[in-house]
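Beneath this line is the structure, given in structure tokens, with notes to follow.
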Amino acid sequence: MSKLGIFVNRQTLSSSEQITAVIKCRDVAESMGHTVEFIFPVDMKKIPKLDALFIRANTDPMNSTYVAARMAQMYGIPVIDDPESIKICADKINMYMHLMKKKISMPQTRFLRKKELDEAQAAALFLELGSPLVLKEPSTSFSARVEKVESVEDLLKVARRFFKLSDWIVVQEYIESRFDWRVGVVGGQLLYACRYIIPSETFKIQASVNGHVVYCDVESVPADQVPPEVISLGLEAGNAIGKGLYGVDIKESNGKLYVIEVNDNPSLEGGEDAHYPDMFGKIISYLMTGDARGYAESLSQKALDYDGLEGGLSLRSDSALCSPSALTENESYSYKIDFSER
Ligand SMILES: Nc1ncnc2c1ncn2[C@@H]1O[C@H](COP(=O)(O)OP(=O)(O)O)[C@@H](O)[C@H]1O
Ligand SMILES: [Mg+2]
């Protein structure tokens, strides 16, 4: 029996969806024969006694999640997210460089330095990449510092604001789409796929509009209804960062696919698993054995061992753990997610 630690903090527990998700994760781990302990930042000293650590709090190289990830790594304990993935994904320049190195399809992208910013440079960027342009401050998350600009004047204004936080900013070709594909990847395998439907008031999956926050809808999509190219691009993009758990955002426009971002610590509480009931099982299996596929194998073994025995685990359709899906094939699960809680 192995001991899994789930690293949480106050923010994780301030959202009922997050609490439900971490409890679901605990229940799945226990049903797989593991013991589970929730680890809070003050409990960091318990990490060396764990067999695996799953971080479910907002990751950042500047907060306790990174210390927890490093500590697990130092003690040779498998950890999601690993420190390297946290570092790469926290910085869009670093993340895009990893994608570029592997020639992953993404919007045309330029990195602009503070001292290069002037009217002539801004005009040249519009000429080169078209209009509108998307500007990103490299440490942005939850769409917070991602803005669309349509004029040299706007570009200069937004860029100057972002340059207060960073010496570099990202300037990107604008890719029009109604939704972002989100491909969940663990250990190089497909974990789930869904669509994040962009709210009509904005171009981002989450935005503040007239003083109130609007969020995307999440639609879980069964794997056989996802274009295979979307899945393979998601896996390639995840592999360009590492072997852990990632949520890859992909846009489709005029028949072409573009990776917009690879996220470490992707949302797992927005209904992403509606068509993927073994989502947590695969993550735990990957943490414990290094192979996400081990989960399906262990389930079928358990079914053989216990089927028909009173009180034992069986693959009945009402089993929360084993149900192929709570939904029928074409039905999509829709849920408003509050990304700001994470
Ligand atoms: N090049 C782009 N073209 C069009 N929309 C974009 C582009 N880049 C980002 N977006 C939209 O903005 C959202 C936030 O951008 P992203 O790069 O994921 O930053 P963050 O890390 O803050 O979430 C994306 O989910 C996407 O919907
Ligand atoms: Mg994003």
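In whole Å, what are the Cα extents of the range 86-244 along the three principal axes, biggest one first?
Sorted largest first, the three principal extents are 48, 37, 27 Å.
Quick one: among Arg110, Arg195, Arg182, which has the greatest mean-square fluctuation in a GNM of the chain with alpha-carbon springs under 10 angstrom?
Most flexible of the set in this elastic network: Arg110.
Taking 1 over the mean of 1/r across every pair of different Cα atoms in the range 1-124, what Kirkwood radius in Å do you get? Could the numbers behind the result be given before it?
On the way: mean 1/r = 0.0596 Å⁻¹.
Over the range 1-124, the inverse of the mean reciprocal pair distance is 16.8 Å.
Using Cβ counts within 10 Å as a stand-in for footprinting exposure, how do Glu84, Glu261, Glu201 rank, fewest first?
Details: Glu84 15, Glu261 23, Glu201 12.
Going from least to most buried by this count: Glu201, Glu84, Glu261.
Go ahead and run the numbers for FRET between Ser131 and Phe40, Cβ-Cβ distance against an R0 of 45 Å, rounding to 0.05.
Details: r = 48 Å, r/R0 = 1.06.
E(calc), rounded to 0.05, equals 0.40.
Taking only DSSP H segments of four or more residues, each worth -39500 (n - 2.57), what value at 222 nm results for the chain once the sum is divided by all its residues, to the nearest 500 deg cm²/dmol?
Numbers: 10 runs with 109 residues, N = 342.
It lands at -9500 deg cm²/dmol.
Rounded, prolate or oblate for the range 223-280? Axes are the square roots of the Cα gyration tensor eigenvalues, ordered a ≥ b ≥ c, and the cut-off for rounded is a/c under 1.5.
Numbers: a/c = 1.79, a/b = 1.23, b/c = 1.45.
Oblate is the answer for the range 223-280, as a/c is 1.5 or above yet b/c matches or exceeds a/b.
Treat the count of other C-beta atoms within 10 Å as a stand-in for reagent exposure and order Ser200, Ser143, Ser220 from fewest to most. Could the numbers behind the result be given before it?
Values: Ser200 8, Ser143 19, Ser220 24.
Going from sparsest to densest Cβ surroundings: Ser200, Ser143, Ser220.
Mean shadow of the range 108-173, computed from the convex hull of its alpha carbons, in nm²?
On the way: hull surface 15.0 nm².
So the Cα hull casts an average projection of 3.7 nm².
What aspartates and glutamates could a cross-link reach from Lys164, if we take a straight Cα to Cα line under 20 Å and drop same-chain neighbours fewer than 8 places away?
Asp60, Asp91, Glu116, Asp118, Glu119, Glu137, Glu147, Glu153, Asp154
Write down, largest first, the equivalent ellipsoid semi-axes of the range 179-277 in whole Å, where each equals the square root of 5 times an eigenvalue of the alpha-carbon gyration tensor. Show your work: numbers first, answer last.
Values: eigenvalues 98, 42, 36 Å².
Calculated on Cα positions only, the semi-axes equal 22, 15, 13 Å.
Using the alpha carbon gyration tensor of the chain, what are the three equivalent-ellipsoid semi-axes (square root of 5 times each eigenvalue), largest first, in whole Å? Kindly include the intermediate steps, with their values, before the conclusion.
Numbers: eigenvalues 275, 101, 60 Å².
Equivalent ellipsoid semi-axes, largest first: 37, 22, 17 Å.
With 27 Å as the limit, write out which pairs from Lys92/Lys157; Lys24/Lys243; Lys3/Lys251; Lys101/Lys157; Lys101/Lys282 have Cα-Cα distances beyond it, or answer none. Mind dumping the intermediate values first?
On the way: Lys92/Lys157 20 Å; Lys24/Lys243 23 Å; Lys3/Lys251 39 Å; Lys101/Lys157 31 Å; Lys101/Lys282 29 Å.
Check vs 27 Å cut-off fails for Lys3/Lys251; Lys101/Lys157; Lys101/Lys282.
Using the Karplus curve 6.51 cos²θ - 1.76 cosθ + 1.60 with θ = phi - 60°, work out ³J(HN,Hα) for each residue of the range 32-47 in order, rounded to whole Hz, and write x for Gly and Pro.
Along the range 32-47, the couplings run 8, x, 9, 9, 10, 10, 7, 10, 9, x, 5, 9, 3, 5, 7, 4 Hz.
Give the aspartates and glutamates whose C-alpha is closer than 13 Å to that of Lys46, dropping any in the same chain fewer than 8 places away, or say none.
Those aspartates and glutamates meeting the cut-off are Glu37.
Any read-out appearing in this document is the output of simple, stated calculations on the displayed coordinates, not a laboratory observation. For clarity, every value in this text was computed on a predicted model and none was experimentally measured. All Cβ positions, glycine included, derive from the backbone under ideal geometry; neighbour counts span all protein chains shown.
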